[in-house]
Amino acid sequence: MKNIKIWLIFLIQLSVISCFQNNNQKYKKTTIIGDIPNLPDGTIYLFKDNSTNRIDSTKTIKGKFTIIHKWDTDEPVYIGIDHIDNKGILRFFSFTTNAKYNGIDGWGTNIFLSDSTINLNGNLRYDTLIGVKLSSKMKPVTGPPLETGKQTKAFYSIDGDLFERISDKTFKIIKDKIKTYPYSYHLLYKIAENKNAFSPEQIDEFLKLFKDEITESKTFKNLSEYNKKRYHEKNASLPLLENVEGEKSAILNSKYKKHLVIFWASWCGPCRKEIPLLKKIYSTKDESLEFISISIDQDNSEWKKALNEEKMDWAQFITNEKDLNYEKIQMHFRLNSAIPYTVLIDNNYKILKYNVGLSSEQELYNFINKK
């Protein structure tokens, strides 16, 4: 009888392991099948993350096509499609979701998740972009409703702006969404992207709500490990960073009472657009305020080139994900993935204010001067 119990426990454990393995395998391959009668003959392209990153293609004949793409990851990725017909006309696709953006129902997106099977059956709808003049070789279209797996269904049921303005209300909405979709990689990815906008306690609450194979994913484990470190972040010193001379030095100068820290990169259009405004405000700032720019460029030469072009007369540093101190910088300054990111801190490293995105001159002035 004892031996039977041992075998039963072993079989149960084996079935659980097999379940995780099988679930992970379903993201190894995506099959996209299209039957779009009003799609001209040409080539359909599969892209990953954004339309500039095309990774596969196939011919379309009488609106029919099949793309089978294998992945080198165990987690779903964001993908999309566009099409160039035999006359060279690009049709870039959007798909209608079941969620809202800025309170408007049915917001459109050009991406979905790499579920194992995705079907597109029906005609295209040709769209007009208000206030945007396109080349005659470019046509925006809304694709037929997607028949997908549970990952895209969850993604298309979550408001597109849910993570744009994070507040206590957002925290509750996200918790409710995880309870409804405890397997959603989209929710996990967005929480990971915005992890420093939430307290360590809030992140722990999120993590406890996810269920099954997603809790075995690399993204889940990495987020969990990062969050454990955040509980000790207050006791950690601010690390040294590389300056323009290539030396490691202190980020903050304690002779100033407050410090405006701007995270940017040479490739970031909004960041470069904001620099003239920063220079204007820097020339009239109070002497008690220090300006500091921290680039997250991967390439030091591109950073140096941008510095030569922009000529910012304040402290300049660089860090990125390859830097061993990057994680500490993220924690100290509550840096997420979006830039430009501006944060105002005091000499005790206390964050007084922070802002994500391009600011106007008046917004920057108010950010610095208003209590």
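The values are calculated or read from the model by the stated rules, or taken from the named source; none is laboratory data. Owing to the predicted nature of the structure, the values given are computational and were not obtained by experimental measurement. Positions of Cβ are backbone-derived with ideal geometry, glycine not excepted, and every protein chain shown enters the neighbour counts. Side chains are part of the model used for accessible areas, which takes the heavy atoms of the whole protein and leaves out ligands, DNA and RNA. Shrake-Rupley method; radii C 1.70, N 1.55, O 1.52, S 1.80 Å.
Kindly evaluate residue 84 against the criterion of being in contact (Cβ under 8 Å) with a residue 12 or more places away in the chain and among the hydrophobic types (A, V, I, L, M, F, W, C).
Numbers: in contact (Cβ under 8 Å) with a residue 12 or more places away in the chain: yes; among the hydrophobic types (A, V, I, L, M, F, W, C): yes.
Judged against the criteria, residue 84 is a match.
Given the criteria among the aromatic types (Phe, Trp, Tyr), touching a residue at least 12 places away in the same chain (Cβ under 8 Å), surrounded by fewer than 19 Cβ atoms within 10 Å (Cβ to Cβ) and farther than 22 Å from residue 355 by Cα, does residue 282 qualify? Let's see the steps before the verdict.
Numbers: among the aromatic types (Phe, Trp, Tyr): yes; touching a residue at least 12 places away in the same chain (Cβ under 8 Å): yes; surrounded by fewer than 19 Cβ atoms within 10 Å (Cβ to Cβ): yes; farther than 22 Å from residue 355 by Cα: no.
Against the criterion (among the aromatic types (Phe, Trp, Tyr), touching a residue at least 12 places away in the same chain (Cβ under 8 Å), surrounded by fewer than 19 Cβ atoms within 10 Å (Cβ to Cβ) and farther than 22 Å from residue 355 by Cα), residue 282 does not qualify.
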Exercise. Applying the selection to the range 231-251, what residues are open to solvent by less than 30 Å² (accessible area, probe 1.4 Å) and either part of a helix (DSSP H, G or I) or closer than 25 Å to residue 151 by Cα (or both)?
Worked result: none
Exercise. Of all residues in the range 87-126, which are touching a residue at least 24 places away in the same chain (Cβ under 8 Å), among the basic types (Lys, Arg) and farther than 18 Å from residue 52 by Cβ?
Worked result: 87, 100
Exercise. Residues in the range 202-210: is at least one in contact with a Pro (Cβ under 8 Å, 6 or more places away or on another chain), farther than 22 Å from residue 107 by Cα and surrounded by fewer than 19 Cβ atoms within 10 Å (Cβ to Cβ)?
Worked result: yes
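Counting just the residues of the range 151-165 that are in a loop (DSSP other than H, G, I, E, B) and open to solvent by less than 50 Å² (accessible area, probe 1.4 Å), which one comes out nearest to residue 117 (Cα to Cα)?
156
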For this session: Kindly establish whether residue 73 is open to solvent by less than 80 Å² (accessible area, probe 1.4 Å) and either at pLDDT 95 or above or part of a strand (DSSP E or B) (or both).
Result: no
Exercise. Just wondering, is there one or more residues in the range 274-292 that are under 27 Å from residue 192 (Cα atoms) and either under 18 Å from the mean Cα position of the chain (by Cα) or among the hydrophobic types (A, V, I, L, M, F, W, C) (or both)?
Worked result: yes
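Can you list the strands (runs of 3 or more DSSP E) lying wholly within the range 78-146 that have 2 or more residues being under 25 Å from the mean Cα position of the chain (by Cα), surrounded by 13 or more Cβ atoms within 10 Å (Cβ to Cβ) and not hydrophobic (A, V, I, L, M, F, W, C)? Break it down stepwise before answering.
Working: elements: 78-85, 90-96, 117-121, 138-142.
Those strands (runs of 3 or more DSSP E) span 78-85, 90-96, 138-142.
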For this session: Kindly state which helices (runs of 4 or more DSSP H) lie completely within the range 168-225 and contain at least 1 residues that are free of Cβ contacts under 8 Å to residues at least 12 places away in the same chain.
Result: 168-180, 200-209
